[in-house]
Amino acid sequence: MTMQGNITQPPVLIGNTAYVSQSYADAEAAKLWPKVWQVACREEEIPEIGDYVTYDIVDDSIIVVRAAPDRIAAYFNVCRHRGRQLTEGCGNAKRLVCPFHAWSWDLDGNNVGVVRKDAWSDCLKADDLRLRDVRVDTWGGWVFVCMDPDAPPLRDYLEPAASMLDPFELEKMRYRWRQWLHFPCNWKVAIEAFNEGYHVAGTHPQLTKYSPKPTWSDGRGIHGVFGSQAREGTGGATAGAAGAADMRQGLADSLNQLWEEVNGTTTETMVRVANLLVEELPEETPPAEVQMHLMRRTVEEDARRGVNWPRIDPAHFAAAGNVWHIFPNTVIIHGPTFALCYRARPDGHDPNRCIFEVYTLERFPEGTEPRPANLHKPDMDEASWRKVLCQDFSNMGAVQRGLRSRGCDGLRPSPVEERAIINFHRVLADYLGTGAPQVIE
């Protein structure tokens, strides 16, 4: 038995059915995706009345639209006449008009136009013609949708992740860059690759210059979290320097590496401050003081350019870990002024393919927020993605092929560093009624 804090997690075996079975994928389509809250977009994608985003998940398509300055609405993307989808992608519309027969709806979902309606006499009732509503709510700047009228409210669904992440004020961050591609693997293979730090030594050996980067991991309700076991520093962007003989140089090396090889999980301001540590501090400065100096100077430099850091209690900062998996398909690597995020979705009904999105969020001075397009980058090379992400991506197809082999008898996640994945499959089993992790006797 393996001990983490006061919780004992026995080693378990997870069957490969969850990743390769068509019947399992069909069960997800019927019992998972219609029942959960899931990220459809960010609020900043629909700032003006009439702005909309089309969110597709397996067979369902949902229109998320800014119906009023203070109200977001969501509807099934289905014409009430003969079923054609009304929108695709994103855009702005005063009315939602079906391209097939020109039936139309206002942004509140009410039908406002039927061509030659008198042919139906009085048979077309307003409630029958109204677009079917989908539940919608916001948290952290994200717009979530849920197709289940009986699901708990979003806030309840997100706990305890929401309370742990609220102090980071993610709603005040904006996109810095956005990209997506298809993977030749199941969506869970993709999302789990970013739901643990155990893979760093094998997949990203260059990031282990100063330490092997051990992590802790846990399930929190239906969600998961992991963080660095580094005893020096504040974790997250600075954890890579743990173990450095000279913390000044270690932080500079680590943060420059993240900036160049990830283009996320730090900021240009923090990197610039880290590059001055050797000049600003004597060599014998204790590591903890170097860390505090880095944080203090970064806060000062950010404030000068109009970026104010949130006030986060150090104990809460540590307890929040570094990475949260929001069930079922979003991962947030959070920091005080930045976040690196992932979302994975099935590519139709094929259990061997998925759509994968990566984006960074950052705080910007008011009025300077960029509006980056969501770029399709299908090539898994460093011309399209940075080195660390390319290393991660190289595992996707290889894992899926291995899972499909008759030689695969299941997965054996670490009972210490991959506990969030174990919890993930417990929760999946609760929704689907199958596939629960089995204790290894």
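The values are calculated or read from the model by the stated rules, or taken from the named source; none is laboratory data. Given the structure is predicted, the values throughout are model-derived calculations rather than measurements. Using ideal geometry, Cβ is built from the backbone for each residue, glycine included, and neighbour counts are taken over all protein chains shown.
Looking only at region 117-158, residues that are among the aliphatic types (A, V, I, L, M) and surrounded by fewer than 17 Cβ atoms within 10 Å (Cβ to Cβ) come to 4 in all.
Is one or more of the residues making up region 230-244 assigned by TED's automatic domain parsing to the domain that holds I355 and assigned to a helix (DSSP H, G or I)? Within region 230-244, not a single residue is assigned by TED's automatic domain parsing to the domain that holds I355 and assigned to a helix (DSSP H, G or I).
Inspection of region 341-358 identifies no residue that is outside the structural domain of D59 (by TED's automatic domain parsing), out of contact with any strand residue (DSSP E or B) (no Cβ under 6 Å at 6 or more places or on another chain) and aromatic (F, W, Y). Restricting attention to region 153-178, the residues being without any contact (Cβ under 8 Å) to a residue 40 or more places away in the chain and either more than 21 Å from R220 (Cα to Cα) or assigned to a helix (DSSP H, G or I) (or both) number 5.
Could you tell me whether R406 is surrounded by fewer than 18 Cβ atoms within 10 Å (Cβ to Cβ), out of contact with any His (no Cβ under 7 Å at 6 or more places or on another chain) and under 30 Å from R305 (Cα atoms)? No.
When region 133-178 is filtered for residues that are within 27 Å of F76 (Cβ to Cβ), touching a Leu at 6+ places or on another chain (Cβ under 9 Å) and not assigned by TED's automatic domain parsing to the domain that holds T54, the ones remaining, listed by number, are L158, A162, Y175, R178.
Any residue at all in region 259-278 that is in contact with a Lys or Arg (Cβ under 6 Å, 6 or more places away or on another chain), surrounded by fewer than 18 Cβ atoms within 10 Å (Cβ to Cβ) and modelled with pLDDT of 95 or more? Checked against the condition, which is being in contact with a Lys or Arg (Cβ under 6 Å, 6 or more places away or on another chain), surrounded by fewer than 18 Cβ atoms within 10 Å (Cβ to Cβ) and modelled with pLDDT of 95 or more, region 259-278 yields at least one hit. Taken together, I355, I333 contain a single residue that is modelled with pLDDT of 95 or more, surrounded by fewer than 23 Cβ atoms within 10 Å (Cβ to Cβ) and within 20 Å of G224 (Cβ to Cβ), which is I333. Across region 181-206, the qualifying residues are those that are touching a residue at least 12 places away in the same chain (Cβ under 8 Å) and farther than 25 Å from Y24 by Cα, and the one among them that is surrounded by the most Cβ atoms within 10 Å (Cβ to Cβ) is G197. When you scan region 205-216, do you find a residue that is among the hydroxyl-bearing types (S, T, Y) and at pLDDT 95 or above, even just one? No - not one qualifying residue is present in region 205-216. In region 378-399, the residues that are over 30 Å from R412 (Cβ atoms) and in the same structural domain as R353 (by TED's automatic domain parsing) reach residues that are charged (D, E, K, R) and outside any loop (DSSP other than H, G, I, E, B) with C-beta atoms within less than 6 angstrom, at least six apart or across chains, in these pairs: R386/E261. Just wondering, is there one or more residues in region 17-25 that are assigned by TED's automatic domain parsing to the domain that holds P346, surrounded by fewer than 21 Cβ atoms within 10 Å (Cβ to Cβ), more than 17 Å from the chain's Cα centre (by Cα) and not hydroxyl-bearing (S, T, Y)? Among the residues of region 17-25, at least one is assigned by TED's automatic domain parsing to the domain that holds P346, surrounded by fewer than 21 Cβ atoms within 10 Å (Cβ to Cβ), more than 17 Å from the chain's Cα centre (by Cα) and not hydroxyl-bearing (S, T, Y), which makes the answer yes. Looking across P346, P328, one residue alone is modelled with pLDDT of 95 or more, surrounded by 15 or more Cβ atoms within 10 Å (Cβ to Cβ) and in contact with a Lys or Arg (Cβ under 8 Å, 6 or more places away or on another chain). It is P346. Filtering region 378-402 to residues that are surrounded by 15 or more Cβ atoms within 10 Å (Cβ to Cβ) and touching a strand residue (DSSP E or B) at 6+ places or on another chain (Cβ under 8 Å) leaves M380, S384, W385, L389, F393, M396, G397, Q400.
Matching residues to (1) at pLDDT 95 or above; (2) within 24 Å of the chain's Cα centre (by Cα); (3) among the aromatic types (F, W, Y):
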residue	(1), (2), (3)
M380	yes, yes, no
W385	yes, yes, yes
C390	yes, yes, no
G397	yes, yes, no
R406	yes, no, no
I422	yes, yes, no
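Summed over region 73-99, residues that are over 16 Å from V112 (Cα atoms) and either in contact with an Asp or Glu (Cβ under 8 Å, 6 or more places away or on another chain) or touching a residue at least 12 places away in the same chain (Cβ under 8 Å) (or both) total 13. For region 29-55, a residue qualifies if it is over 19 Å from the mean Cα position of the chain (by Cα) and not assigned by TED's automatic domain parsing to the domain that holds A429, and the qualifying residues are P47, E48, I49, G50, D51, Y52.
Please return the ranges of strands (runs of 3 or more DSSP E) entirely within region 65-152 where 1 or more residues are more than 31 Å from the chain's Cα centre (by Cα).
Ranges flagged: 111-113.
Kindly provide the set of residues from region 19-47 that are farther than 21 Å from L403 by Cβ and either hydroxyl-bearing (S, T, Y) or in a helix (DSSP H, G or I) (or both), ordered by number. Answer for region 19-47, where residues must be farther than 21 Å from L403 by Cβ and either hydroxyl-bearing (S, T, Y) or in a helix (DSSP H, G or I) (or both): A30, K31, E43, E44, E45.
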